Amino acid sequence: MAAASVSALPPTLLEHMGQAGTAADLTVLVAHIQSACKRIAALVASPGNAELSRAKAGGGAVAAGRDAPKPLDELSNDIILSSLQSSGKVAVLASEENDLPIWISNDGPYVVVTDPLDGSRNIEVSIPTGTIFGIYNRLVELDHLPLEERAQLNSLQSGTRLVAAGYVLYSSATILCISFGAGTHAFTLDWSTGEFILTHPSIQIPPRGQIYSVNDARYFDWPEGLRKYIDTIRQGKGQHPKKYSARYVCSLVADFHRTLIYGGVAMNPRDHLRLVYEANPLSFLAEQAGGRGSDGKNRILTIQPVKLHQRLPLFLGSMDDVLELESYGDVQQKVNPGYEV
């Protein structure tokens, strides 16, 4: 009886990878990523995080179009960098916190792109935050190029080349959601054992939801197509004959996680979110769960990045909802006044 009870337990993340026959190098890398995210989870939940989550004095736009860094963002970035260096499996790290990619090792078979701590401005009010990451194979055919060029080109791979992608949600539970190209699965951190346990196997986004997630305060800056789409679904006059409700956290990982589970569409229609380390990994997860990632016109994963911190509109969610939104044509916000929040 005892043996049967043990065998019935859901697998840990690493056990799941072993059962799926995941390559040994990739398993080692993911083990180091999960270890880094456990440390970030503890850091986010610590009493001293409020001060760390504030932008540095004089912060504003910084080089390469990045947001003003905060100590907590930089600490999270350092934790991930240290873990990737220790893994011995990473050639290049491209992070939201660095202007340029970092070449780590000539022997590493993988490239990692990441937003180490998305939504850190929300920590002071205990709103969920997250880590986003994507994993590519290193392009060995570029090994003859100068180091800086080699690092840059390895980091600018199309999303269709992703080997794996995931996010970690730091909230009432710490959840690691990941895909290796054969479905999307979520694992919840059991603090008593320190293991991520499979809790949401083979997630499927409902073909339609009844929730849209966007900052409605920007309504009058939106193009006509997007205003018409939102007006239509709110009234229950769209292709789905039910009235949609708004849910907006203003934390990308949190808004996407809810959409992944309940369906609907999460969006930022202006050129704000980053293609390389936000849009591509989350679109990969959405597609592996039967959903869609779009810039309002095109499938995200087919867009070729041209620079590391490239921004674009992002629409993620249920296949039918995103396709209906795209059918309105004019949904990308081009008027982009400065927003303080």
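The values are calculated or read from the model by the stated rules, or taken from the named source; none is laboratory data. Computed from a predicted model, the values in this text were never measured in an experiment. Every residue, glycine among them, receives a Cβ derived from its backbone with ideal geometry; neighbour counts consider all protein chains shown. SASA here: full protein model, heavy atoms, side chains in, ligands and nucleic acids out. Shrake-Rupley method; radii C 1.70, N 1.55, O 1.52, S 1.80 Å.
Brief remarks follow.
- Considering Arg208, Arg161, the condition of being basic (Lys, Arg) and within 26 Å of Ala91 (Cα to Cα) is satisfied by Arg161 alone.
- One residue from Glu224, Glu195 being in contact (Cβ under 8 Å) with a residue 60 or more places away in the chain, in the same structural domain as Gly18 (by the TED database), open to solvent by 10 Å² or more (accessible area, probe 1.4 Å) and of a type in the set (Asp, Glu): Glu195
- When Asp216, Asp231 are checked against the criterion of being exposed (fewer than 14 other Cβ atoms within 10 Å of the Cβ), without any contact (Cβ under 8 Å) to a residue 24 or more places away in the chain and in the same structural domain as Gly317 (by the TED database), Asp231 stands alone in meeting it.
- Tally, over region 240-264, of residues that are modelled with pLDDT under 95, under 19 Å from Arg292 (Cα atoms) and open to solvent by 90 Å² or more (accessible area, probe 1.4 Å): 0
- Test for Gly58: is it part of a loop (DSSP other than H, G, I, E, B) and modelled with pLDDT of 95 or more: no
- The sole residue among Ala94, Ala31, Ala36 that is at pLDDT 95 or above, closer than 30 Å to Leu139 by Cβ and in a strand (DSSP E or B) is Ala94.
- Test result for Leu75, farther than 18 Å from Gln157 by Cβ, open to solvent by 20 Å² or more (accessible area, probe 1.4 Å) and modelled with pLDDT of 90 or more: yes
Let's see how each residue does on (1) in contact with a helix residue (DSSP H, G or I) (Cβ under 6 Å, 6 or more places away or on another chain); (2) in the same structural domain as Leu273 (by the TED database); (3) over 30 Å from Pro241 (Cβ atoms):
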position	(1), (2), (3)
Asn298	no, yes, no
Leu301	yes, yes, yes
Val306	no, yes, yes
Leu312	yes, yes, yes
Phe315	yes, yes, no
Met319	no, yes, no
Val322	no, yes, no
Val335	yes, no, yes
Gly338	no, no, yes
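The rows are residues; the columns are (1) touching a residue at least 60 places away in the same chain (Cβ under 8 Å); (2) assigned to a helix (DSSP H, G or I).
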| position | (1), (2) |
| --- | --- |
| Ile79 | no, yes |
| Asp115 | yes, no |
| Arg121 | yes, yes |
| Gly130 | yes, no |
| Thr160 | yes, yes |
| Ala165 | yes, no |
| Ser172 | no, no |
| Leu176 | yes, no |
| His185 | yes, no |
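- Subset of region 303-327 (residues that are open to solvent by 50 Å² or more (accessible area, probe 1.4 Å) and either in contact with a Pro (Cβ under 9 Å, 6 or more places away or on another chain) or within 24 Å of His257 (Cβ to Cβ) (or both)): Arg311, Met319, Asp320, Leu323
- Any hit, region 131-139, residues being over 16 Å from the mean Cα position of the chain (by Cα), over 23 Å from Leu29 (Cβ atoms) and surrounded by fewer than 23 Cβ atoms within 10 Å (Cβ to Cβ): no
- If you go through region 164-185 and keep only what is in contact with a Ser or Thr (Cβ under 6 Å, 6 or more places away or on another chain), of a type in the set (A, V, I, L, M) and over 22 Å from Ser95 (Cβ atoms), you end up with just Ala173.
- Checklist (1) surrounded by fewer than 19 Cβ atoms within 10 Å (Cβ to Cβ); (2) more than 26 Å from Leu43 (Cβ to Cβ); (3) small (Gly, Ala, Ser) applied to Gly159, failing item: (1)
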